[in-house]
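Worksheet for the structure shown next.
The values are calculated or read from the model by the stated rules, or taken from the named source; none is laboratory data. Remember, predicted model here, so these are calculated numbers, not experimental data. Virtual Cβ from ideal backbone geometry, glycine too; neighbours counted across all protein chains shown. Accessible surface is based on the protein model in full, side chains and every heavy atom, while ligands, DNA and RNA are left aside. Shrake-Rupley method; radii C 1.70, N 1.55, O 1.52, S 1.80 Å.
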Amino acid sequence: REPFGNHILTVNNSFKANAANASLKRALDSVADPEVVEINMLSVPGVRNTLITDRVIEICEDRADALAIVDVEKNGYQPSTETTSNFQARIAANGVQDAITSLKSRGINSSYACAFFPWVKIFDETNAKQVWVPPSVVAMGTFASSERNSELWFAPAGFTRGGLSEGAAGLPVLGVSQRLTSKDRDRLYDANINPIAQFPAEGIVIFGQKTLQVTPSALDRINVRRLMIFIKKQVSVIAARLLFD
């Protein structure tokens, strides 16, 4: 049902020995050159294989003009395309801790990448049914709506610009795979994973905007990194007009 499922990508986990990994790498490499394709975000929603997500981050760092939105390897939820178990069995009991431990073990320190937790349920208006999607999907939608309604250098989080129940993702978001306590949110945020929280009165909201940069600085925030990407591109456009003059 899913030709790029993680249970397929992790078999003979390399670009040469696995056709699915090779296909994803070829797709990613097609946008690796900033002089060929202009982008400001890059993501492969639902793909958690570190081989692929590391390549996504590498491309964004090399281009230095795009932000990677990656799904962490241990995200607390297994979609139905990965296993035939029932819904409750597909939710990891230690999802928050597993996500934190897994990400820390990779030693990522990049302001050109960010991650969110957990999966969310949306209403697929085309097929008129409810679907579980990875957090990168609603993160991309929130970035877009935040930029459209204000500017890209405003934080795409919080009740004003990150309210998923209010349509910030561009999709009807109905629920989360795991309800996060305040302690869970703090632990995720300390590990640079942005929590998606559900509150009784306010609804579902993106409650963080950290990049995966470990070193404390202004660039450990998504809105600052996106601002710097925007400025760099504008300077580049202006400078190109002055070349040979």
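Confirm whether residue 198 is within 26 Å of residue 102 (Cα to Cα), free of Cβ contacts under 8 Å to residues at least 40 places away in the same chain and in contact with a Leu (Cβ under 8 Å, 6 or more places away or on another chain). Walk me through how you get there before you give the answer.
Working: within 26 Å of residue 102 (Cα to Cα): yes; free of Cβ contacts under 8 Å to residues at least 40 places away in the same chain: yes; in contact with a Leu (Cβ under 8 Å, 6 or more places away or on another chain): yes.
Taking the combined requirement at face value, the residue satisfies it.
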With respect to residue 155, is the statement that it is of a type in the set (A, V, I, L, M), open to solvent by less than 30 Å² (accessible area, probe 1.4 Å), modelled with pLDDT of 90 or more and not in a loop (DSSP other than H, G, I, E, B) true?
no
I need a count of the residues in the stretch 158-188 that are open to solvent by 60 Å² or more (accessible area, probe 1.4 Å) and either more than 25 Å from residue 91 (Cα to Cα) or free of Cβ contacts under 8 Å to residues at least 24 places away in the same chain (or both).
10
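Condition (residue is in contact with a Pro (Cβ under 7 Å, 6 or more places away or on another chain) and β-branched (Val, Ile, Thr)) applied to the stretch 154-174: is it met by at least one residue? Full working, then the answer.
From the stretch 154-174, those in contact with a Pro (Cβ under 7 Å, 6 or more places away or on another chain) are 162; that's our starting set.
If we keep only those that are β-branched (Val, Ile, Thr) too, we end up with none.
No, that holds for no residue.
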Give 206, 231 a once-over and let me know the one that is open to solvent by 60 Å² or more (accessible area, probe 1.4 Å) and either of a type outside the set (D, E, K, R) or under 15 Å from the mean Cα position of the chain (by Cα) (or both).
231
Looking at the stretch 114-152 only, could you name the residues that are farther than 15 Å from residue 193 by Cα, free of Cβ contacts under 8 Å to residues at least 60 places away in the same chain and open to solvent by less than 40 Å² (accessible area, probe 1.4 Å)?
122, 124, 141, 145, 146, 150
